[in-house]
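Trainee: Structure provided below as structure tokens; questions to follow.
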């Protein structure tokens with residue numbers, strides 16, 4: 001059991017310091033639920049947990065499933081942007097989309113949750129890089145080149161439930177995209193990029209970049225995780241790594257040799273029962289996640305590690321499928337349980353200032369530096 005003294009300490013840290021989740025598929029889930037006729041999704045399903053965690057900044061990804069590519073990719077991405085903005089309008093006094101530093105600071109001052117928008121893969125663009133400017137004008141401020149698949153810009157790594165090296169780095173168009181993003185002032189995200197692509201980003205990127213939701217290979221070998229050299233390279237360029245609360249990446253779920261293939265909802269079948277099913281198992285999983293935090297802090301430095309929780313259960317439940325199993329590979333049941341991770345880090349001896357930096361300070365600094 002987590003001692004109450006550490007939970008109280010965690011609540012105080014979350015109250016007095018910024019808390020940031022650098023990766024959550026909120027727009028995709030809202031879009032799917034609104035298509036099914038549901039409304040007030042954020043208010044009913046998420047705001048209470050955001051407030052419990054003291055969440056100040058959330059990066060909502062725009063994620064397009066492989067079932068919608070290539071023909072419906074652009075339409076789905078625009079639909080997600082529209083659905084999220086409509087969804088947040090009635091609760092704009094508590095949560096709002098921000099696109100620049102001034103809006104971000106205003107939201108923080110007013111104690112709202114500030115939502116930043118990022119493309120999880122440039123797939124909606126097809127092969128037309130010129131469309132990136134349209135997404136920027138619509139408020140998107142970050143992007144990864146690809147998800148765990150190949151597109152016109154780059155090759156992704158294998159999915160979390162697999163274990164195989166996929167060769168092939170950035171295309172010429174991908175290198176142009178890195179330059180274009182830097183010209184626009186968008187941040188680049190290398191989570192889901194394969195090893196060749198990571199090396200090429202290091203060679204061609206002129207500005208700091210992030211891995212918004214990746215764990216440490218040194219704790220659990222998985223091609224979605226970062227090896228020591230990659231951790232050090234990203235940190236040396238001023239980037240931040242977001243710790244991912246996916247059981248398969250942390251090493252607390254069934255391994256790649258089992259029956260699971262942890263893609264996004266609707267892509268492939270995820271692992272079955274995970275560490276969130278039993279209280280004791282959940283604390284064990286949280287301790288394993290804490291090991292990733294500690295390892296990344298050791299390798300990258302305490303100013304280059306944050307949180308990119310990638311909680312996927314909600315999107316999985318909302319995504320239409322021809323089966324009845326609900327996928328759940330989240331170590332945290334919801335954002336409110338982030339307090340438990342903070343408490344465990346404290347109980348394991350991590351300094352309060354380091355815990356606060358990981359909880360949000362590091363990513364907030366990065367976004368302040370990158371936003372217009």
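The values are calculated or read from the model by the stated rules, or taken from the named source; none is laboratory data. All figures in this text were calculated on a predicted structure; none of them were measured in a lab. Cβ coordinates were reconstructed from backbone atoms using ideal geometry, including for glycine residues, and neighbour counts include every protein chain displayed.
Trainee: If you take the residues of segment 160-185 that are closer than 15 Å to residue 366 by Cβ and free of Cβ contacts under 8 Å to residues at least 60 places away in the same chain, which of them is surrounded by the fewest Cβ atoms within 10 Å (Cβ to Cβ)? First the steps, then the outcome.
Mentor: Residues of segment 160-185 that are closer than 15 Å to residue 366 by Cβ, as a first pass: 181-182, 185.
Narrowing the set further to residues that are free of Cβ contacts under 8 Å to residues at least 60 places away in the same chain leaves 181-182.
Working: 181: 25, 182: 16.
In this case the residue turns out to be 182.
Trainee: Scan segment 117-137 residue by residue and report those that are in contact with a strand residue (DSSP E or B) (Cβ under 8 Å, 6 or more places away or on another chain) and either outside any strand (DSSP E or B) or free of Cβ contacts under 8 Å to residues at least 24 places away in the same chain (or both).
Mentor: Correct list: 121, 122, 124, 132, 135.
Condition check ((1) in contact (Cβ under 8 Å) with a residue 60 or more places away in the chain; (2) closer than 26 Å to residue 186 by Cα; (3) out of contact with any strand residue (DSSP E or B) (no Cβ under 6 Å at 6 or more places or on another chain)) across all residues:
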site	(1), (2), (3)
4	no, no, yes
7	yes, no, yes
17	yes, yes, yes
20	yes, yes, no
28	yes, yes, yes
50	yes, yes, no
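Trainee: Taking only segment 200-216 into account, find how many residues are closer than 10 Å to residue 242 by Cα and out of contact with any helix residue (DSSP H, G or I) (no Cβ under 7 Å at 6 or more places or on another chain).
Mentor: 3
Trainee: Could you list, in sequence order, the residues of segment 74-87 that are closer than 21 Å to residue 150 by Cα and more than 20 Å from the chain's Cα centre (by Cα)?
Mentor: Matches in segment 74-87: 74, 75.
Trainee: Does segment 222-236 contain any residue that is touching a helix residue (DSSP H, G or I) at 6+ places or on another chain (Cβ under 9 Å), touching a residue at least 60 places away in the same chain (Cβ under 8 Å), surrounded by fewer than 24 Cβ atoms within 10 Å (Cβ to Cβ) and closer than 21 Å to residue 120 by Cβ?
Mentor: yes
Trainee: Tell me whether segment 44-53 contains one or more residues that are within 20 Å of the chain's Cα centre (by Cα), closer than 30 Å to residue 372 by Cβ, loosely packed, with under 14 Cβ neighbours inside 10 Å and at pLDDT 95 or above.
Mentor: No, every residue in segment 44-53 fails to be within 20 Å of the chain's Cα centre (by Cα), closer than 30 Å to residue 372 by Cβ, loosely packed, with under 14 Cβ neighbours inside 10 Å and at pLDDT 95 or above.
Trainee: A follow-up question, please. Please give the number of the condition residue 194 fails out of (1) touching a strand residue (DSSP E or B) at 6+ places or on another chain (Cβ under 9 Å); (2) within 28 Å of residue 19 (Cβ to Cβ); (3) surrounded by 17 or more Cβ atoms within 10 Å (Cβ to Cβ).
Mentor: Among (1) touching a strand residue (DSSP E or B) at 6+ places or on another chain (Cβ under 9 Å); (2) within 28 Å of residue 19 (Cβ to Cβ); (3) surrounded by 17 or more Cβ atoms within 10 Å (Cβ to Cβ), residue 194 violates only (2).
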